[in-house]
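Structure first, commentary second.
The values are calculated or read from the model by the stated rules, or taken from the named source; none is laboratory data. Quick caveat: nothing in here was measured; it's all calculated off a predicted structure. Here the Cβ positions follow ideal geometry from the backbone for every residue, glycine too, while neighbour counts run over all protein chains shown.
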Amino acid sequence: MVLVYIETAEGKAKNVGLEMITAAKLVSDKAVAVIIGNGNEEAVKQAATFGADEVITVASEGYNTEAYCYIMKSLVEKYSPEAVFVGSTLDGKDFAPRLAAQLGTGCVTDVVAVKVEDGKVVYTCPSYNGNLLNDMVVEGTPVVIVRSGSFKKADPAEREVAVTAEAIEVPADVMRAKIAEAVKEISETVNLEEAEVIVSGGRGMGAAENFALVKELADLLGGVVGATRAPIESGWISRAHQIGQSGKIVAPKLYIACGISGATQHVSGMIGSDYIVAINKDEDAPIFDIANVGIVGNVLDVLPLMIEEIKKARA
Ligand SMILES: Cc1cc2nc3c(=O)[nH]c(=O)nc-3n(C[C@H](O)[C@H](O)[C@H](O)COP(=O)(O)OP(=O)(O)OC[C@H]3O[C@@H](n4cnc5c(N)ncnc54)[C@H](O)[C@@H]3O)c2cc1C
């Protein structure tokens, strides 16, 4: 059994949790989803729909590092899983290493692939800025932090699974830090991992102001703006948008690549997209090798046309 921690936001499961159910089933006969918090009925249903064999819920007031560690540690002691999978979210990266330390076990971070070899589970993690892929085998029950977008969610299917509500009382002295107030984050966050549509711009966009076209198309399609490293280094767009080996790994339903050559370091971050549309003025650009639809042309001509046609179709 692998315990898969499913983080929620407003009662819904974050994608990385659902993706980890797929990962867990590659290495174990049973993926048990763990959902902590209150008002998570929708997330419980999602966990079952996306393949969890069982769901454990634990009522809790909001996220707290020490409380969540205590809860997860109690579950590990009770259920003796082969591993605990945690998504590479801010909360996941916050509590997983502490949980590993409390369990006296290893913590594998930034896992992008898993497999079983000679009866042992092998976790693959990029290192040296993605230039090397490290295969790791950990004795005991490791805590495994999985990178978002590295695994595909299972095909959804209506399923009834056992849901066990565990009552775990966290002793007051465990929580040495208390959240006094949650203030809205002021730094830019871009939710690329959860996006169903991503419109990305590369160096071929030519200038910062041309990213307005990328943004307009993304907004029209209810999507999010992504970018390659080149325009980020030119200061045209912030690093929060970077997709690729040293950026975010994404797997949207639709990925539109605008003025992007298709370098491996970028492609490795978006190859999991269901449908790829590429616009590039060079018909030999490598991005066309992986695109479902390729448009040879100048982005500054093609994007306004696409935007205009979508607006017309919707009018
Ligand atoms: C260790 C390491 C990690 C890296 N990590 C990442 C990463 O995470 N993400 C990432 O993206 N990159 C990463 N890179 C950089 C990567 O190697 C490429 O340099 C980068 O992806 C190229 O970005 P690009 O496609 O926008 O630019 P280019 O490769 O310069 O391609 C621009 C494309 O735009 C086309 N074009 C130009 N003008 C137009 C126009 N008007 N209309 C249409 N098409 C046009 C050109 O034909 C060309 O194909 C990394 C590199 C290293 C060494």
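Which members of the stretch 130-144 meet the condition of being under 30 Å from residue 263 (Cβ atoms) and either within 14 Å of the ligand (Cβ to nearest atom) or touching a Gly at 6+ places or on another chain (Cβ under 6 Å) (or both)? Walk me through it before giving the result.
Just the residues of the stretch 130-144 that are under 30 Å from residue 263 (Cβ atoms), to begin with: 130-136, 144.
Answer for the stretch 130-144, where residues must be under 30 Å from residue 263 (Cβ atoms) and either within 14 Å of the ligand (Cβ to nearest atom) or touching a Gly at 6+ places or on another chain (Cβ under 6 Å) (or both): 130, 131, 132, 133.
Could you go through the stretch 179-196 and let me know if any residue there is away from the ligand (no atom under 16 Å from the Cβ), in contact with a helix residue (DSSP H, G or I) (Cβ under 6 Å, 6 or more places away or on another chain) and in a strand (DSSP E or B). Steps first, answer last, please.
Start the filter on the stretch 179-196 by keeping residues that are away from the ligand (no atom under 16 Å from the Cβ), which leaves 179-189, 191, 194-196.
Pick out the ones that are also in contact with a helix residue (DSSP H, G or I) (Cβ under 6 Å, 6 or more places away or on another chain) and you get 188, 194.
Now restrict to residues that are in a strand (DSSP E or B): none.
There is no residue in the stretch 179-196 that is away from the ligand (no atom under 16 Å from the Cβ), in contact with a helix residue (DSSP H, G or I) (Cβ under 6 Å, 6 or more places away or on another chain) and in a strand (DSSP E or B).
Any residue in the stretch 254-267 that's within 12 Å of residue 203 (Cα to Cα): show its pairings with residues that are more than 8 Å from the ligand (Cβ to nearest atom) and in a strand (DSSP E or B) at Cβ separation under 6 Å, as long as the two are six or more apart or on different chains.
Note: pairs meeting the criteria are 257/200; 257/278.
Which of the residues spanning the stretch 1-36 are in a loop (DSSP other than H, G, I, E, B) and buried (at least 19 other Cβ atoms within 10 Å of the Cβ)?
Step one: filter the stretch 1-36 for residues in a loop (DSSP other than H, G, I, E, B), giving 1, 6-7, 10-11, 14, 28-30.
The answer is 6, 7, 14, 28.
Given the condition closer than 19 Å to residue 190 by Cα, exposed (fewer than 13 other Cβ atoms within 10 Å of the Cβ) and not assigned by TED's automatic domain parsing to the domain that holds residue 150, answer yes or no: does some residue in the stretch 287-301 qualify?
Applying the first criterion (closer than 19 Å to residue 190 by Cα) to the stretch 287-301 yields none.
No, every residue in the stretch 287-301 fails to be closer than 19 Å to residue 190 by Cα, exposed (fewer than 13 other Cβ atoms within 10 Å of the Cβ) and not assigned by TED's automatic domain parsing to the domain that holds residue 150.
Quickly run through the stretch 60-115 and pick out the residues that are touching a residue at least 60 places away in the same chain (Cβ under 8 Å), surrounded by fewer than 16 Cβ atoms within 10 Å (Cβ to Cβ) and among the small types (Gly, Ala, Ser).
Those that are touching a residue at least 60 places away in the same chain (Cβ under 8 Å), surrounded by fewer than 16 Cβ atoms within 10 Å (Cβ to Cβ) and among the small types (Gly, Ala, Ser): 62, 74, 80.
For the structure I just gave you, tell me whether residue 286 is more than 16 Å from residue 199 (Cβ to Cβ) and modelled with pLDDT of 95 or more.
Working: more than 16 Å from residue 199 (Cβ to Cβ): yes; modelled with pLDDT of 95 or more: yes.
For residue 286, the condition - more than 16 Å from residue 199 (Cβ to Cβ) and modelled with pLDDT of 95 or more - is met.
Just checking: which of the strands (runs of 3 or more DSSP E) contained wholly in the stretch 197-298 hold 1 or more residues that are within 9 Å of the ligand (Cβ to nearest atom) and of a type outside the set (Gly, Ala, Ser)? Walk me through it before giving the result.
Details: elements: 197-201, 224-227, 254-258, 275-280, 293-296.
Ranges flagged: 254-258, 275-280, 293-296.
Going through 209, 233 one at a time, which residue ends up being within 26 Å of residue 110 (Cβ to Cβ), acidic (Asp, Glu) and out of contact with any Phe, Trp or Tyr (no Cβ under 7 Å at 6 or more places or on another chain)? Even if it seems obvious, please write down each step before you answer.
On the way: 209 fails: within 26 Å of residue 110 (Cβ to Cβ).
Matching residue, one of 209, 233: 233.
For residue 49, state whether it is under 16 Å from residue 155 (Cα atoms), touching a residue at least 12 places away in the same chain (Cβ under 8 Å) and either surrounded by fewer than 17 Cβ atoms within 10 Å (Cβ to Cβ) or of a type in the set (Ser, Thr, Tyr) (or both). So that I can check it myself, show each step before the final result.
Details: under 16 Å from residue 155 (Cα atoms): yes; touching a residue at least 12 places away in the same chain (Cβ under 8 Å): yes; either surrounded by fewer than 17 Cβ atoms within 10 Å (Cβ to Cβ) or of a type in the set (Ser, Thr, Tyr) (or both): yes.
Yes, satisfied.
Could you say which residue among 261, 238, 234 is of a type outside the set (A, V, I, L, M, F, W, C) and under 22 Å from the mean Cα position of the chain (by Cα)? Don't jump to the end; show me each part of the working.
Working: 261 fails: under 22 Å from the mean Cα position of the chain (by Cα); 234 fails: under 22 Å from the mean Cα position of the chain (by Cα).
Of the residues listed, the single one that is of a type outside the set (A, V, I, L, M, F, W, C) and under 22 Å from the mean Cα position of the chain (by Cα) is 238.
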